[in-house]
1. Do you know which residues across segment 151-180 are under 10 Å from the mean Cα position of the chain (by Cα) and hydroxyl-bearing (Ser, Thr, Tyr)?
2. Can you name every residue in segment 81-90 that is open to solvent by 60 Å² or more (accessible area, probe 1.4 Å) and not in a loop (DSSP other than H, G, I, E, B)?
3. Does Glu113 qualify as being modelled with pLDDT under 95 and farther than 22 Å from Ala35 by Cβ?
4. Among the numbered criteria (1) among the hydrophobic types (A, V, I, L, M, F, W, C); (2) more than 30 Å from Ile44 (Cα to Cα); (3) within 19 Å of the chain's Cα centre (by Cα); (4) open to solvent by 60 Å² or more (accessible area, probe 1.4 Å), which single criterion is violated by Ala137?
5. Quick one: Leu50 ticks every box in (1) under 29 Å from Gly147 (Cα atoms); (2) at pLDDT below 95; (3) not acidic (Asp, Glu) bar one, so which box is it?
6. Would you pick out the residues in segment 91-115 that are in contact with a Pro (Cβ under 7 Å, 6 or more places away or on another chain) and open to solvent by 50 Å² or more (accessible area, probe 1.4 Å)?
Amino acid sequence: MKLHHSSNSPFVRKCLVTAAELGLSDQLERLACAASPVTRDRDIIASNPLGQVPTLTTDDGQVLYDSRVICEYLNNLAGGSLYPQDLRQRWTALTDQSLADGILDAALLVRYETTLRPEQYRWADWITGQLDKFTTALTHFETRVSGFGGRVDIGTITLACALRYLDLRYPDLQWRDQYPRLTAWYQVYSQRPACQVI
């Protein structure tokens, strides 16, 4: 399998952590690319019209995108359990994935606004609104994380990737100071071997 990737993409990381949890890391060939919403990488566009990472080409030539589709494909390929069979647990995992993906969507929008858009065109209220999504989402997870127990599923994987991305791109937010239960959970979860992928 071939995975178009960018080393700092949190959505790529989500796929890599999923693959590692499923024992599939050695089956992924990483194809480095320069995905950008401004200067679009034509090599990716040939496979994915959106020109985004992650984009996966399977061994039989099928092209899959985005991270949600790729992660579910990998889980099915490995006969994994990252998408629980119990329906209540499944909807919980999928909803947690969606909320953590929302943190990442907001984080990327702020990053694009502050690093790619010319300074005179930046919209402070837009940035504030996106940053508030961090607060409301992390507050929600803070109230629930004590019940996570030993969960390892697509929801917890995505949350761990979101928290890592906040550390990478938004260290000044110091989210750990405000969310002690989430911090304690992440300190343990992030030590999983699958979370050590680069």
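The values are calculated or read from the model by the stated rules, or taken from the named source; none is laboratory data. Since we're looking at a predicted model, the values are computed, not measured. Backbone-built Cβ (ideal geometry, glycine too); neighbour counts: all protein chains shown. Side chains are part of the model used for accessible areas, which takes the heavy atoms of the whole protein and leaves out ligands, DNA and RNA. Shrake-Rupley method; radii C 1.70, N 1.55, O 1.52, S 1.80 Å.
1. Thr158, Tyr165 - these are the residues of segment 151-180 that are under 10 Å from the mean Cα position of the chain (by Cα) and hydroxyl-bearing (Ser, Thr, Tyr).
2. Within segment 81-90, Leu87, Arg88, Gln89 qualify.
3. The answer is no for Glu113.
4. Going through (1) among the hydrophobic types (A, V, I, L, M, F, W, C); (2) more than 30 Å from Ile44 (Cα to Cα); (3) within 19 Å of the chain's Cα centre (by Cα); (4) open to solvent by 60 Å² or more (accessible area, probe 1.4 Å) one by one, Ala137 breaks only (4).
5. If we test Leu50 against (1) under 29 Å from Gly147 (Cα atoms); (2) at pLDDT below 95; (3) not acidic (Asp, Glu), just (1) comes out false.
6. Tyr112
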